[in-house]
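Peer 1: Structure below; questions to follow.
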Amino acid sequence: MIEVVNISKHFGTKLAVDQLSFTVRKGEVLGFLGPNGAGKSTTMRMVTGFIPPSSGEARICGISITENPYEAKTKIGYLPESAPLYNDMTVMGFLKFCADVRKLSGSAKNDAVEKAIETCFLTSVAHQSIDTLSKGYRHRTCLAQALLHDPEVLILDEPTDGLDPNQKYEVRQLIKRLGKDKAILFSTHILEEVEASCTRAVIVDRGKIVADGTPAELIAKAPNGSLTELFRKVTTTDTAA
Amino acid sequence: MNTLTIFRRELKSYFAQPTAYAIIVIFLILSLGLTFTFGEFMRIGDASLEYSFFFWHPWLYMLLAPAIAMRLWVDEQRNGTIELLGTFPVSTWSAIAGKFLAAATVSLVALLLTFPIVITVNYLGSPDNGAIISSYIGSFLVCCTFIGMTMLVSAFTRDQVVCLIVAVTLCTLMVLGGYEPVTRELAKATSPATVEAVTAFGIWDHFASLNRGLFRLQDFVWFASFITLCLVGTSTILSAKRA
Ligand SMILES: Nc1ncnc2c1ncn2[C@@H]1O[C@H](COP(=O)(O)OP(=O)(O)O)[C@@H](O)[C@H]1O
Ligand SMILES: [Mg+2]
């Protein structure tokens with residue numbers, strides 16, 4: 001489970017994330033909504049231990065990411081926004097490397113790699129070099145890396161970005177399925193995704209949470225029963241302020 | 001443990017691309033070519049190999065070590081894979097050590113492949129093989145020093161060209177710094193203190209004694225502290241960049 005307490009991040013004088021707090025329990029899928037530049041990726045980078053927070057803290061399954069990063073990181077599967085990959089490797093080679101990093105070996109390693117390849121529909125490109133993959137496949141390869149070690153916590157930064165509608169659908173189904181026994185935090189700016197796969201959603205604007213609730217609650221709050229209207233209302237009024 | 005995982009990936013990646021092969025072949029052609037031409041190996045009969053063979057190594061490394069090591073953090077930052085590495089349960093220190101060792105291994109392979117020259121001198125004369133071994137050690141340490149330096153530079157930038165130019169410049173200064181003809185000119189133009197500072201930064205002082213078969217503790221301390229400083233610097237820069 002993920003606990004974030006009053007986390008903030010300054011870049012120079014710019015405040016990218018402002019005293020954000022939220023919790024994601026096991027079995028929950030939290031949608032992280034917000035316009036571009038709201039601070040979603042920055043928050044995720046702090047929660048995954050890539051960048052240190054300016055203040056506040058994040059705990060993964062009760063382990064502080066700043067005090068005990070090594071332990072905490074073993075519990076997390078993370079898909080960064082740009083789905084970065086080592087271009088000189090094959091899909092299989094890359095996943096085996098990730099399995100080594102995750103301390104999997106022998107048959108556990110092979111099984112984990114096979115399973116991740118199957119789950120992310122990568123069988124046809126398993127032995128292809130990563131630099132020859134199309135965008136959708138690159139994205140799914142990086143997603144496979146996040147699922148490989150069957151982590152308790154999944155953090156996915158725009159997991160459906162750049163996918164075609166079929167792939168988007170598959171990934172949403174996957175998130176929903178995995179969410180039954182994991183804590184998942186995923187960001188998006190596509191509002192249908194919230195209804196499709198989240199148990200709860202927060203809307204972030206300029207580093208602050210401006211709305212929070214189940215999809216049904218959020219829709220109930222919305223002026224004319226559509227999430228889009230709510231999103232426009234809470235984020236535009238804030239930008240105007 | 002994780003150092004080993006990173007090391008293996010980096011090493012595979014060197015040999016999956018033409019980089020390692022190209023650098024090894026260039027090193028072999030140039031080091032052996034220079035020995036038999038400008039090194040006048042045949043004419044002066046330098047069985048210790050000091051002047052004909054090992055003399056050229058720093059000059060080759062100042063160009064080739066940056067070519068080996070520049071990709072270590074530049075690629076990682078340009079492709080964004082540093083974000084994967086930074087969220088894996090791998091300490092920055094393991095990653096740095098693994099990468100450094102991989103680059104050092106590539107250069108060690110190149111260096112060991114020059115063995116025919118050792119066989120040749122043993123066939124032609126009776127060289128001091130102890131001095132040859134210590135020269136090899138010295139040569140490898142010089143290369144590791146330049147790899148460390150390049151790695152530090154690569155932590156600063158995501159641009160390969162910038163990294164290569166800056167690293168080659170710094171390594172060149174380290175080669176020229178203690179090079180006898182340069183220090184002699186420098187002594188005429190500046191104060192002794194400056195000359196001493198420049199020589200201390202240069203590699204020749206430490207390389208030369210190993211070339212003569214002298215194992216001086218101070219040289220090993222110098223190489224070890226320089227390399228450690230570069231690696232610690234790399235770690236500091238990488239952490240500072242994320243903050
Ligand atoms: N490394 C950085 N240095 C300076 N500013 C940054 C950095 N990373 C993000 N920002 C700024 O922080 C804000 C939040 O960015 P981000 O978290 O990427 O937003 P989102 O993912 O919600 O689109 C943006 O205004 C962005 O320009
Ligand atoms: Mg983002």
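The values are calculated or read from the model by the stated rules, or taken from the named source; none is laboratory data. Quick caveat: nothing in here was measured; it's all calculated off a predicted structure. Cβ coordinates were reconstructed from backbone atoms using ideal geometry, including for glycine residues, and neighbour counts include every protein chain displayed. Side chains are part of the model used for accessible areas, which takes the heavy atoms of the whole protein and leaves out ligands, DNA and RNA. Shrake-Rupley method; radii C 1.70, N 1.55, O 1.52, S 1.80 Å.
Peer 1: Relative contact order (percent) for the stretch A:83-150, with alpha-carbon contacts under 8 angstrom and 6 or more residues of separation? Working shown, then result.
Peer 2: Values: 75 pairs, mean separation 33.3, N = 68.
Once normalised by length, the contact order is 49 percent.
Peer 1: Here is a follow-up. Putting +1 on Lys and Arg Cβ atoms and -1 on Asp and Glu Cβ atoms, find which of B:N79, B:T114, B:A69 reaches farthest to the positive end of the dipole of the stretch B:2-242.
Peer 2: Towards the positive end, the residue furthest out is B:N79.
Peer 1: Identify, among A:G207, A:H139, A:T188, the residue whose Cα sits farthest towards the positive end of the charge dipole of the stretch A:97-227, taking +1 on the Cβ of Lys and Arg and -1 on the Cβ of Asp and Glu, with the dipole about the Cα centre.
Peer 2: A:G207
Peer 1: If you don't mind, there's one more thing I want to ask. Hey, any idea what % of the stretch A:83-150's accessible area is carbon plus sulfur with a 1.4 Å probe?
Peer 2: Ligands and nucleic acids excluded, carbon and sulfur give 51 percent.
Peer 1: Please give the length that would be gained between B:F36 and B:T169 if that part of the chain were fully extended, namely 0.36 nm times their separation in residues minus their C-alpha to C-alpha distance (nm, one decimal). Intermediate values should be presented prior to the final figure.
Peer 2: Numbers: separation 133, 0.36 × 133 = 47.88 nm, distance 2.75 nm.
Full extension of this stretch gives 45.1 nm more.
Peer 1: For a quick check: with amide H placed at 1.01 Å from N, whose amide H comes under 5 Å from A:Y78's, ignoring anything fewer than 5 positions away on the same chain?
Peer 2: Amide H to amide H, under 5 Å and 5 or more residues apart or across chains, A:Y78 pairs with A:I155.
Peer 1: Shifting gears a bit: In deg cm²/dmol, rounded to 500, what helix-only [θ] at 222 nm does the protein assembly as shown give when every DSSP H run of at least 4 residues adds -39500 (n - 2.57) and the total is split over its residues?
Peer 2: Computed ellipticity for the protein assembly as shown at 222 nm equals -19000 deg cm²/dmol.
Peer 1: Through the Karplus equation 6.51 cos²θ - 1.76 cosθ + 1.60, θ set to phi - 60°, convert the phi angles of the stretch A:106-121 into ³J(HN,Hα) values in whole Hz; use x for Gly and Pro.
Peer 2: Using θ = phi - 60°, the values come out as x, 6, 4, 5, 4, 5, 4, 5, 4, 5, 5, 5, 5, 4, 9, 6 Hz.
Peer 1: A follow-up question, please. Quick one: accessible area per residue over the protein assembly as shown, 1.4 Å probe, rounded to a whole number of Å²? Show your work: numbers first, answer last.
Peer 2: On the way: 20710 Å² over 484 residues.
Heavy-atom SASA per residue in the protein assembly as shown reads 43 Å².
Peer 1: A further question follows. May I ask you to list the aspartates and glutamates whose Cα is less than 13 Å away from that of A:K221, ignoring any residue fewer than eight positions away on the same chain?
Peer 2: Filter leaves A:D212, A:E229.
Peer 1: Now for a different question. For the stretch A:170-241 and the stretch B:167-204, compute the distance between their C-alpha centroids and round to whole Å.
Peer 2: With the stretch A:170-241 and the stretch B:167-204 each reduced to a Cα centre, they are spaced 63 Å.
Peer 1: Using Cα pairs closer than 8 Å and at least 6 residues apart in sequence, work out the relative contact order for chain B, in percent.
Peer 2: Reported as a whole number, the value is 26 percent.
Peer 1: To the nearest 20 debye, what charge dipole does the protein assembly as shown have about its Cα centre, counting +1 at the Cβ of each Lys and Arg and -1 at the Cβ of each Asp and Glu?
Peer 2: 600 debye
Peer 1: If you place +1 on the Cβ of every Lys and Arg and -1 on the Cβ of every Asp and Glu, how big does the dipole about the Cα centre of the stretch A:83-150 come out, in debye to the nearest 20?
Peer 2: 120 debye
Peer 1: Provide the gained length on full extension for the span B:R212 to B:K241, in nm with one decimal, where the gain is 0.36 nm per separating residue minus the Cα-Cα distance.
Peer 2: Working: separation 29, 0.36 × 29 = 10.44 nm, distance 4.31 nm.
Gain on extension, B:R212 to B:K241, equals 6.1 nm.
Peer 1: Another question, then. Pick out, in residue order, every one of the GluC sites (Glu not before Pro) in the stretch A:13-112 that is DSSP loop and has at most 10 other C-beta atoms within 10 Å; say none if there are none.
Peer 2: Qualifying residues, ordered by number: A:E67.
Peer 1: Threshold 30 Å², probe 1.4 Å: give the residues of the stretch A:27-56, in number order, that are less accessible with all protein chains present than with their chain alone.
Peer 2: A:F50
Peer 1: From the residues B:A103, B:W56, B:S31, which one has its Cα farthest along the dipole of the stretch B:13-118 in the positive direction, the dipole being from +1 and -1 charges on Cβ of Lys/Arg and Asp/Glu about the Cα centre?
Peer 2: Result: B:A103.
Peer 1: Would you kindly derive the ³J(HN,Hα) couplings of the stretch A:53-68 from the backbone phi angles with the Karplus curve 6.51 cos²θ - 1.76 cosθ + 1.60 (θ = phi - 60°), listing them in order in whole Hz, with x for Gly and Pro?
Peer 2: Here the 3J(HN,Hα) series is x, 5, 7, x, 8, 10, 10, 10, 6, x, 9, 6, 6, 8, 7, 9 Hz.
Peer 1: Here's a follow-up. Output the Cα-based Rg and Dmax of the protein assembly as shown in Å, rounding Rg to one decimal and Dmax to a whole number.
Peer 2: Cα only, the protein assembly as shown: 27.5, 96 Å (Rg, Dmax).
Peer 1: DSSP loop trypsin sites (Lys or Arg not before Pro) in the stretch A:159-241 with at most 15 other Cβ atoms within 10 Å of their Cβ, which ones?
Peer 2: Here the trypsin sites (Lys or Arg not before Pro) that fit, given the DSSP loop and packing criteria, are A:K180.
Peer 1: Same structure again: Please list A:S197, B:S235 in order of solvent-accessible area, largest first, computed with a 1.4 Å probe with all protein chains present. If you can, show how the numbers build up before the last one.
Peer 2: Working: A:S197 5, B:S235 30 Å².
Sorted by accessible area, descending: B:S235, A:S197.
Peer 1: Under 20 Å between alpha carbons, and skipping anything fewer than 8 positions from B:K99 in its own chain: which lysines qualify?
Peer 2: The reachable lysines, counting only those whose Cα sits under 20 Å from B:K99, are A:K96, A:K103, B:K12, B:K241.
Peer 1: Could you tell me what percent of the accessible area of the stretch B:2-242 is made up of carbon and sulfur, with a 1.4 Å probe and every protein chain present?
Peer 2: The computed percentage sits at 72.
Peer 1: Say a site is exposed when it is one of the chymotrypsin sites (Phe, Trp or Tyr not before Pro), sits in a DSSP loop, and has at most 14 other Cβ atoms within 10 Å; what is then the longest site-free stretch of chain B?
Peer 2: Longest site-free region, per DSSP loop and neighbour criteria: B:39-214.
Peer 1: Quick one: Debye curve from the C-alpha atoms of the stretch B:2-242, no solvent, what's log10 I(q)/I(0) at q = 0.10 Å⁻¹?
Peer 2: Log10 of I(q)/I(0), two decimals: -0.50.
Peer 1: Oh, and also: I'd like the per residue volume of the convex hull spanned by the Cα atoms of the stretch A:1-88, given in cubic angstrom.
Peer 2: With only Cα atoms used, the stretch A:1-88 gives 122 Å³ per residue.
Peer 1: Another question, if that's okay. Provide Rg and Dmax in Å for the stretch B:118-169, with only Cα atoms included in the calculation.
Peer 2: In Å, with Rg to one decimal and Dmax whole: 17.2, 50.
Peer 1: A follow-up question, please. How are the Cα pair distances of the stretch B:1-105 distributed, in percent, across 10 Å bins from 0?
Peer 2: Reading the bins upward from 0: 14, 36, 24, 17, 8, 2.
Peer 1: Please list, in order along the stretch B:77-93, the HN-Hα scalar couplings obtained from phi with the Karplus expression 6.51 cos²θ - 1.76 cosθ + 1.60 (θ = phi - 60°), rounded to whole Hz, x for Gly and Pro.
Peer 2: Working through the residues one at a time gives 7, 6, 7, x, 5, 4, 6, 5, 4, x, 10, 6, x, 10, 6, 3, 5 Hz.
Peer 1: Quote the total accessible area buried by chains B and A together, excluding ligands, DNA and RNA, probe 1.4 Å, nearest 100 Å². The partial results should precede the final answer.
Peer 2: Numbers: alone 11830 and 11240 Å², together 20710 Å².
For chain B against chain A, roughly 2400 Å² becomes buried.
Peer 1: May I pose another question? Mind checking A:81-88 for the average number of partner chain beta-carbons within 10 Å of each residue's beta-carbon?
Peer 2: The shielding value for this peptide is 6.
Peer 1: For A:K9, which aspartates and glutamates qualify as cross-link partners when the Cα separation must be under 12 Å and same-chain residues fewer than eight apart are set aside?
Peer 2: A:D18, A:E57
Peer 1: What percent do you get for the relative contact order of the stretch A:1-157 when only Cα pairs under 8 Å and 6+ apart count?
Peer 2: This gives 25 percent for the stretch A:1-157.
Peer 1: Given +1 on the Cβ of Lys and Arg, -1 on the Cβ of Asp and Glu, and no further charges, what dipole in debye does the stretch A:111-241 carry about its Cα centre, rounded to the nearest 20?
Peer 2: 260 debye
Peer 1: Report which residues of the stretch B:53-95 become buried by 40 Å² or more of accessible surface when going from the isolated chain to the complete set of protein chains (1.4 Å probe; DNA, RNA and ligands ignored).
Peer 2: Buried by the other chains: B:N79, B:T81, B:E83, B:L84, B:T87, B:F88, B:P89.
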